[in-house]
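Chemist: Here it is: the structure, laid out below.
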Amino acid sequence: MGGLARTLTESWGRVADRQDQVSAYFYARLFLAAPQLRDLFPIQLRAQRTRLVASIVRAVTCLDRPTELDELLGELGRAHRRFDVTPEHHTVFRDCLIEAIRVHAGPGWDAVQEKAWREGYDLIAARMNAAAAAADGPAYRFAEVLTHERRGTDVAVFTCRPFEPMPYRAGQYVYVETMHEPRHWRRYSIATAPRPGGVLEFHVRAVSVGVVSPALVWKLRPGDMVRVSEPAGRLTLPPPGRDVVCLCGGTGLAPVRALVEATPAGGWDRWVHLFVGARTPDGLYDLPALSALAESRPWLRVIPVVSGDPTYDGETGTLCDVLARRAPWDDHDFVLSGSPAMTRAALRVLGALGVPLARVRYDPFE
Ligand SMILES: NC(=O)C1=CN([C@@H]2O[C@H](COP(=O)(O)OP(=O)(O)OC[C@H]3O[C@@H](n4cnc5c(N)ncnc54)[C@H](O)[C@@H]3O)[C@@H](O)[C@H]2O)C=CC1
C-alpha cells in the first residue's frame, strides 16, 4: 500500500496545478463515453467539479492511512447511493479519469503510473461499493417543508418532516437537496434533538458563492419538498467531568443547540458555557430559542459575542478573542462548531493556552 500511495501522490503532483482542466476534461470525456450518465449530475457543474477533485485528492493522499481512508470511503460510498451511482459506473469513471490525468500529466507519464491509478481507483471503488451495499435504510427521504422563517439579512430557519421516520442522534448532520437546485446536495446539521413527530429544523446562511444555501434561504417555501440523506456525524457533548465551553460561529450553532436540547434539564452537574458568535447583532439569529433553553436548564449560560460592531452592548470580538480574554481554561472541555477557519483558529488559540487537544471536540465540516 505504501508504494501505491506514493506513486499516486507523486503522479497527482504532476497535474495538481491543473485540477480545473483535469476535471473539465474528465466530465467532457465521461458524457461523450456515456451520455446517459449526464442525468446523475447537476445542470450547473461548476461546484460539482471542484468537489470531485477534492474527493480524489483526499482519497489518494490517505491511501496509506487505513482508518481515515475507511471513514472517507464509507461516507463517499453511502453518499453515492443518493446519486444513484452503481458499481458499473465506476469502470467508466475510472477510465475517463485516468485518461484526463494522462493527457495533462505530460511526457513523464508511464505504464507504472497508469497501473497504479487503475489499482488505486479499483481499490477505492471496491470499498465504496462495499460501504454502499452494507448501508442500512434508504439513501434519502423526501420531507415536506412546514415552516420557513427569514432571520436577519441572510439566514433562514426552516422545519420539515420526512415522510418516513428518520432515526438520528442529536449533533448529527444530513445532506439536503432542494427541488430549486436539483442534484446539488449540501451538508447541514439538524438543529433540534429528536422529537416525537419527527420534525427537523435547519439553520442556513445564504453564502454568496453558494448554490444550495441561497436557494434554501431565498426560494424555499412551506409546502415545498426537500430530500434529506441518511444522518451522519459523531459530535457529542464531552463525558461527565469538567465544565464545557461550546464555541459556535454563526449557523455552526445548529448541532450544539441540538446537543443541549437533548440533555435533560435536571441531573446535569456541570456548567455549559455556550458562546454564540456573529459578525453583527442581527446575525445572532436564534437568541429567543437559546434564552428559552437556558431558562429550563439552570446549568446553561448563553453568551452572545459580536465581532464586527464595537458598539455592541455585550461581549465583542471574535470567539477566539473571547477565549484568550477569559483564559485560563484548566478545567474545561471544548466543543467547536463553525467555519473551518474558526475551528482552525480556535484550535491554535487553545493549543497556545496549553489546553490538551484531547479535550477539544468538533465535527470536521466541509
Ligand atoms: N448550518 C449548519 O448546520 C452548520 C454550519 N456550520 C458552518 O458554520 C459556519 C457558519 O458560518 P456563518 O454563519 O457565516 O458564521 P461567520 O463565519 O459569520 O462566523 C460567526 C462568528 O464566528 C467567529 N469566527 C468566524 N471565523 C473566525 C475565525 N477565522 N477566527 C475566529 N473566529 C471566527 C466570529 O466570532 C464570527 O463573528 C459555516 O462555515 C458553516 O459551514 C457548521 C456546523 C453546522
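Just so you know, all these numbers are worked out from the coordinates, no wet-lab data involved. Keep in mind the model is a prediction, meaning the values are calculated, not measured. Using ideal geometry, Cβ is built from the backbone for each residue, glycine included, and neighbour counts are taken over all protein chains shown.
Chemist: At a 10 Å Cβ-Cβ cut-off, how would you order 144, 88, 315, fewest neighbours first?
Modeler: Working: 144 14, 88 8, 315 17.
The most exposed by this proxy come first: 88, 144, 315.
Chemist: So for region 2-134, Kirkwood radius off the Cα pairs, Stokes-Einstein at 37 °C and 0.692 mPa s: how many µm² s⁻¹? Don't skip to the end; give the middle numbers.
Modeler: Details: Rh = 15.1 Å.
Approximately 218 µm²/s, per Stokes-Einstein.
Chemist: Something else: Counting other beta carbons within 10 Å of each residue's own, what order do 342, 179 fall into, fewest first? Working shown, then result.
Modeler: Working: 342 22, 179 12.
Ranked by crowding around the Cβ, least crowded first: 179, 342.
Chemist: Over all directions, how big on average is the projection of the convex hull of the alpha-carbon atoms in region 95-205, in square nanometres? Walk me through the intermediate numbers first.
Modeler: Details: hull surface 43.1 nm².
The Cα convex hull of region 95-205, projected and averaged over all directions, gives 10.8 nm².
Chemist: Want the number for residue 265 to residue 28: 0.36 nm per residue separation, take away the alpha-carbon distance, what's left?
Modeler: Numbers: separation 237, 0.36 × 237 = 85.32 nm, distance 5.60 nm.
Length difference between fully extended and current span is 79.7 nm.
Chemist: I would also like to ask the following. If each of residue 339 and residue 54 carries a label point 7 Å out from its Cα toward its Cβ, how far apart are those two points in nm?
Modeler: Result: 1.4 nm between the two label points.
Chemist: How would you rank 41, 163, going from fewest to most other Cβ atoms within 10 Å of each one's own Cβ? Can you show the working numbers first?
Modeler: Numbers: 41 17, 163 11.
Going from sparsest to densest Cβ surroundings: 163, 41.
Chemist: So what are region 243-362's ellipsoid semi-axes, whole angstrom, largest first, if each one is the square root of 5 times an eigenvalue of the alpha-carbon gyration tensor?
Modeler: Equivalent-ellipsoid dimensions as semi-axes: 20, 19, 12 Å.
Chemist: Another question, if that's okay. Fully extended, how many nm does the chain gain between residue 122 and residue 327 (0.36 nm per residue separation, minus their Cα-Cα distance)? Mind showing how you got there, number by number?
Modeler: Numbers: separation 205, 0.36 × 205 = 73.80 nm, distance 5.00 nm.
In short, 68.8 nm is gained.
Chemist: For region 91-106 and region 189-218, compute the distance between their C-alpha centroids and round to whole Å.
Modeler: Region 91-106 and region 189-218 have Cα centres spaced 37 Å from each other.
Chemist: Report the Cα-based extents of region 175-216 along its three principal axes, largest first, to the nearest Å.
Modeler: Sorted from largest, the Cα extents of region 175-216 read 35, 18, 12 Å.
Chemist: Shifting gears a bit: What distance in nm separates the simple spin-label points at residue 9 and residue 295, each placed 7 Å from Cα in the Cβ direction?
Modeler: Label-label distance for residue 9 and residue 295, simple model: 5.5 nm.
Chemist: At what distance in nm do the modelled label points of residue 134 and residue 95 sit from each other, each positioned 7 Å from its Cα along Cα→Cβ?
Modeler: 3.0 nm
Chemist: Rg to Rh for the chain: what is it, with Cα atoms only and Rh by Kirkwood? All intermediate terms of the calculation are to be shown ahead of the outcome.
Modeler: Values: Rg = 22.4 Å, Rh = 22.4 Å.
Ratio value, two decimals: 1.00.
Chemist: Taking 35 Å as R0, compute the FRET efficiency from the Cβ-Cβ separation of residue 287 and residue 209 and round it to 0.05. Please list the in-between numbers first.
Modeler: On the way: r = 28 Å, r/R0 = 0.79.
That pair, residue 287 with residue 209, gives E of 0.80.
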